[in-house]
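Input: one structure, supplied below.
Rule-based calculations on the coordinates, nothing more; no lab input. As the structure is a computational prediction, the values presented were derived from the model and not from experiment. Counting neighbours? That spans all protein chains shown, and the Cβs are built from the backbone with ideal geometry, glycine included.
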């Protein structure tokens, strides 16, 4: 009975982790309800225009677009909200109206390029002057490389989680041992992938503290980076994998069959 309980617990937590990782990867693949609600990171730039207007003392015209169907990165206008998933990013003029980039494996998180490429040339020039070149937010090479690495770690972690779940259903010493190995591998991969994404967001959040103007009249720049639900799903999946590994390990050491 104790062996059956261990197998049941391992399978339950592996399956839970697998579902969480699959949902995480659905984020921002399109603008329908479920993918729209999941993102690795969100960037709100809705107050950037106000900051520029106050800093320059002139009205800001043509910075944003209200047309949700215009293509991204074509200098057609800034959107209010940008959200990144593992395969693409989407931009929204209002919370439920937006458009997504083309999806690709190993999609790179390059927020500065994506946002400034939506702006007209004059506003991207202003932004280049305001945000210094050594700011982490502008370091597309590093951010892109880190997010690309995290993608493959989480993808492989999802695959090994599925293998652990399937192998754990077969009652044999060898398959229980294999399930334990894959469960441990999944735990490590998801841990590192989630940690990398968390580090990416924490680094880019430094843009939140940027201001325009001179004291005492300086005001926030208007870029607000926040962590998305996708990273939380990855961390919860990691916790489930830890809880799955323990019973798999116990049953692989004690089962005889």
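Once you have the Kirkwood Rh of the stretch 167-213 from its Cα pairs, apply Stokes-Einstein at 25 °C and 0.890 mPa s and quote D in µm²/s.
Values: Rh = 13.6 Å.
Translational diffusion coefficient: 181 µm²/s.
May I ask what percent, to the nearest 5, of DSSP beta bridges between residues of the chain are antiparallel?
Values: 18 of 19 bridges.
Given both bridge residues lie in the chain, the antiparallel proportion sits at roughly 95 percent.
So how tilted is helix 140-168 from the main axis of the chain? Cα-based, degrees 0 to 90, rounded to 10.
Its long axis makes an angle of about 20 degrees.
Gaussian network model of the chain, Cα springs within a sub-10 Å range: biggest mean-square fluctuation belongs to which of 140, 101, 217?
In this elastic network of the chain, the residue with the biggest mean-square fluctuation among 140, 101, 217 is 217.
As I understand it, the value is the acute angle between the Cα axis of helix 173-204 and the longest principal axis of the Cα atoms of the chain; what does it come to in degrees, rounded to 10?
10 degrees
By how many degrees, 0 to 90 and rounded to 10, does the Cα axis of helix 229-254 deviate from the longest principal axis of the chain?
10 degrees
Further, regarding this structure: How far apart, in nanometres, would the label points at residue 68 and residue 152 be if each is projected 7 angstrom from Cα along the Cα-to-Cβ direction?
3.6 nm
Translational diffusion coefficient of the chain at 4 °C, 1.567 mPa s, Stokes-Einstein with Kirkwood Rh over Cα pairs, in µm²/s as a whole number. Could the numbers behind the result be given before it?
Numbers: Rh = 19.8 Å.
Answer, rounded: 65 µm²/s.
What's log10 of I(q)/I(0) for the stretch 14-79 at q = 0.13, 0.14, 0.20, 0.22 Å⁻¹, Debye sum over Cα points only, no solvent?
-0.56, -0.62, -0.91, -1.00
Going by how many other beta carbons lie within 10 Å of each one, how would you line up 43, 60, fewest first? List each step's numbers first, then the result.
Details: 43 26, 60 17.
Ascending Cβ contact count within 10 Å gives the list 60, 43.
Once you wrap a convex hull around the alpha carbon atoms of the stretch 16-162, what is its projected area averaged over all directions, in nm²? Walk me through the numbers before you get to the answer.
Working: hull surface 36.0 nm².
Convex hull of Cα atoms, orientation-averaged projection: 9.0 nm².
Test of understanding: ordering 36, 108 by Cβ neighbours within 10 Å, fewest first, what list do you get? Before the final figure, lay out each step's value.
Details: 36 21, 108 18.
If I rank by nearby Cβ atoms, fewest first, I get 108, 36.
Moving on. Counting each DSSP H run of 4 or more residues in the chain as -39500 (n - 2.57), what helix-only mean residue ellipticity at 222 nm follows after dividing by all residues, to the nearest 500 deg cm²/dmol?
Values: 8 runs with 141 residues, N = 257.
Computed ellipticity for the chain at 222 nm equals -18500 deg cm²/dmol.
So what's the stretch 92-163 giving for Cα Rg divided by 2.2 N^0.38 Å, two decimals? Working shown, then result.
On the way: Rg = 15.9 Å, N = 72, 2.2 N^0.38 = 11.2 Å.
For the stretch 92-163, the normalised Cα radius of gyration is 1.42.
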